[in-house]
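Engineer: Can you keep this structure in mind? I'll have questions shortly.
The values are calculated or read from the model by the stated rules, or taken from the named source; none is laboratory data. Keep in mind that this is a model prediction, so the values were computed, not measured. Here Cβ is always computed from backbone atoms with ideal geometry, including for glycine, and neighbour counts include all displayed protein chains.
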Amino acid sequence: MKIVCIGRNYLAHVRELDNDLPSEPMFFMKPETALLPDGDPFVYPDFSHEIHYETELVLRIGKTGRNIAENEASGYYDTITVGIDFTARDLQGQCKARGFPWEKAKAFDGSAVVGKFQEIKNSNNQKDIAFGMKLNGEWKQQGHSRDMIFSFNKIVSCISRFVTLKEGDYVFTGTPQGVGPVKSGDVLELFLEKETVCRFGVK
Ligand code: MG
């Protein structure tokens, strides 16, 4: 399986990192080895001094497809959760400055955390999903799907024009504003609506 991540999908976050507004979904990938095993702590890597959390809604692809039409895309994902797209912001800055790819900053082991997936009960409610993250018991990010620049369907359709999406792949849909650093000893709790879908520590 693979993990496809959307960047710059919330206006306030695009502004907080002083990035340009994209005219179509921008994506990058993480390998399967980036997945943090269930129940494991996130181990702070020795190659970075600035690991940031990015709290995001995550779709699970339920049916393999390519060149998926936007108006049919909702048939290709079936469940949703909240995850963390851990980012080595210092390395990402270096990559951006040199025009290099982002893999060192985004695709490292443990950089993709996903909570417990839940069924998407009503596709009409895709624009009405609240999510968030508490760091050591304090709200750090609170997002809402209605604030996404590109919808789930637009994202899935766009990715599938270039890369076949296979059953079991994950799609991270971008982070709202409020990204920030973690440190050893932190505890992160991820919420989908009011339900805790994941809780883990930083070692
Ligand atoms: Mg992200």
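Engineer: Answer yes if at least one residue in the range 40-59 is of a type outside the set (Asp, Glu), at pLDDT 95 or above and closer than 16 Å to Val163 by Cβ, and no otherwise.
Structural biologist: Scanning the range 40-59, I find at least one residue that is of a type outside the set (Asp, Glu), at pLDDT 95 or above and closer than 16 Å to Val163 by Cβ, so the answer is yes.
Engineer: Please verify whether the range 20-37 includes one or more residues that are in contact with a helix residue (DSSP H, G or I) (Cβ under 6 Å, 6 or more places away or on another chain), modelled with pLDDT of 95 or more and among the polar types (S, T, N, Q).
Structural biologist: No, the range 20-37 contains no residue that is in contact with a helix residue (DSSP H, G or I) (Cβ under 6 Å, 6 or more places away or on another chain), modelled with pLDDT of 95 or more and among the polar types (S, T, N, Q).
This table checks each residue for (1) of a type in the set (Lys, Arg); (2) at pLDDT 95 or above; (3) surrounded by 24 or more Cβ atoms within 10 Å (Cβ to Cβ).
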| residue | (1), (2), (3) |
| --- | --- |
| Ile155 | no, yes, yes |
| Ser160 | no, yes, no |
| Lys166 | yes, yes, no |
| Asp169 | no, yes, no |
| Thr173 | no, yes, yes |
| Pro181 | no, yes, no |
| Ser184 | no, yes, no |
| Glu189 | no, yes, no |
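Engineer: Name every residue in the range 168-191 that is within 15 Å of Phe42 (Cα to Cα) and not small (Gly, Ala, Ser), in order of residue number.
Structural biologist: Hits for the range 168-191 are Pro181, Val182, Lys183, Asp186, Val187, Leu188, Glu189, Leu190.
Engineer: Only residues that are at pLDDT below 95, crowded, with 18+ Cβ neighbours inside 10 Å and over 13 Å from Val197 (Cβ atoms): list them for the range 114-141, please.
Structural biologist: Listed by number, the residues that qualify are Ile120, Gln126.
Engineer: Kindly indicate which of Gln92, Gln118, Gln126 is within 13 Å of the ligand (Cβ to nearest atom) and in contact (Cβ under 8 Å) with a residue 12 or more places away in the chain.
Structural biologist: After ruling out the rest, the residue left standing is Gln92.
Engineer: A follow-up question, please. Could you pull out the residue among Glu16, Glu70, Glu54 that is away from the ligand (no atom under 16 Å from the Cβ) and acidic (Asp, Glu)?
Structural biologist: Glu70
Engineer: Further question on the same structure: I'd like the full set of residues that are within 16 Å of the ligand (Cβ to nearest atom), of a type in the set (Gly, Ala, Ser) and under 13 Å from Leu135 (Cβ atoms), limited to the range 165-203.
Structural biologist: Gly178, Gly180
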